[in-house]
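Down below is the structure, laid out as structure tokens.
The values are calculated or read from the model by the stated rules, or taken from the named source; none is laboratory data. Being a predicted model, the structure only gives us computed values, none of them experimental. Quick reminder, even Gly has a Cβ in these numbers, built from the backbone with ideal geometry, and neighbours come from all protein chains shown.
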Amino acid sequence: MPRYRYFMPIQRLNHAVLYVRNLQASLDFYCGVLGFRVVHQIDTRAAFLQAQGSSNDHDLGLFAVGESAIGSAAGHGSVGMYHLAWEVDTLDELRRIRGALEEFGSLIGASDHGATKALYAKDPDGLEFEVSWLVPRDQVDKESGGMKTERLNIDAEMVKYGAQTQGGVGVSH
């Protein structure tokens, strides 16, 4: 008998909502750097964004709380969310986003996790997120279970898998 009597079979994350200091600064970042588009905005208080290629009514909600808001202490003496992770379809797109994140000055890391190739960055409020490409299921290293953490070399991964190979098919879709 399961420990918890009631459960829901969760399938995937539909959207995330973030509190931000300045709505316009966050819109400039999420739209200009990551390619989201605004689908609805409530003056300078809130906006709902959709990722390119998404069929969700929105993938990200942003709610402005003002410039005097303190930063999140999650992971530094308090509980809270570590990061959100978004997927891209190809390694070529991951490389393009890496360049945009570097140009904006928000890239903080890049890891090869075996089954995923991941970039880590922070938005204008210091909230961390991940952008990743998932290795196609039939190419995941079965011995390691596809789990490791090493330095990511996108160019080498593009040679191995192909720049335009669709990632994650059958993994998270």
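One line per residue, one yes/no per condition, for (1) more than 22 Å from H15 (Cβ to Cβ); (2) within 16 Å of the chain's Cα centre (by Cα):
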| position | (1), (2) |
| --- | --- |
| Q41 | no, no |
| S54 | no, yes |
| D57 | no, no |
| G61 | no, yes |
| S68 | yes, no |
| A85 | no, yes |
| T90 | yes, yes |
| I97 | no, yes |
| A118 | no, yes |
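So G71 ticks every box in (1) assigned to a loop (DSSP other than H, G, I, E, B); (2) of a type outside the set (S, T, Y); (3) at pLDDT 95 or above but one. Which box is left unticked?
(3)
Considering only the range 118-173, state which residues are aromatic (F, W, Y) and either farther than 30 Å from A73 by Cβ or modelled with pLDDT under 85 (or both).
Passing the criteria: W133, Y161.
Scan the range 87-130 residue by residue and report those that are assigned to a loop (DSSP other than H, G, I, E, B) and touching a Ser or Thr at 6+ places or on another chain (Cβ under 8 Å).
V88, T90, D123, P124, D125, G126, L127
Please verify whether the range 133-146 includes one or more residues that are under 19 Å from V33 (Cβ atoms) and of a type in the set (S, T, N, Q).
No, there is no match, as no residue in the range 133-146 is under 19 Å from V33 (Cβ atoms) and of a type in the set (S, T, N, Q).
Please tell me if L23 is more than 28 Å from T165 (Cβ to Cβ) and touching a helix residue (DSSP H, G or I) at 6+ places or on another chain (Cβ under 6 Å).
Here the answer is no, as L23 does not meet what is asked.
Sort out which residues of the range 45-67 are touching a residue at least 12 places away in the same chain (Cβ under 8 Å), more than 16 Å from D28 (Cβ to Cβ) and part of a loop (DSSP other than H, G, I, E, B), and write them in order of number.
Of everything in the range 45-67, those that are touching a residue at least 12 places away in the same chain (Cβ under 8 Å), more than 16 Å from D28 (Cβ to Cβ) and part of a loop (DSSP other than H, G, I, E, B) turn out to be R45, A51, Q52, G53, N56, D57, H58, D59, V65, G66.
Considering only residues that are exposed (fewer than 15 other Cβ atoms within 10 Å of the Cβ) and farther than 20 Å from D125 by Cα, which ones fall in the range 43-55?
Q52, G53, S55
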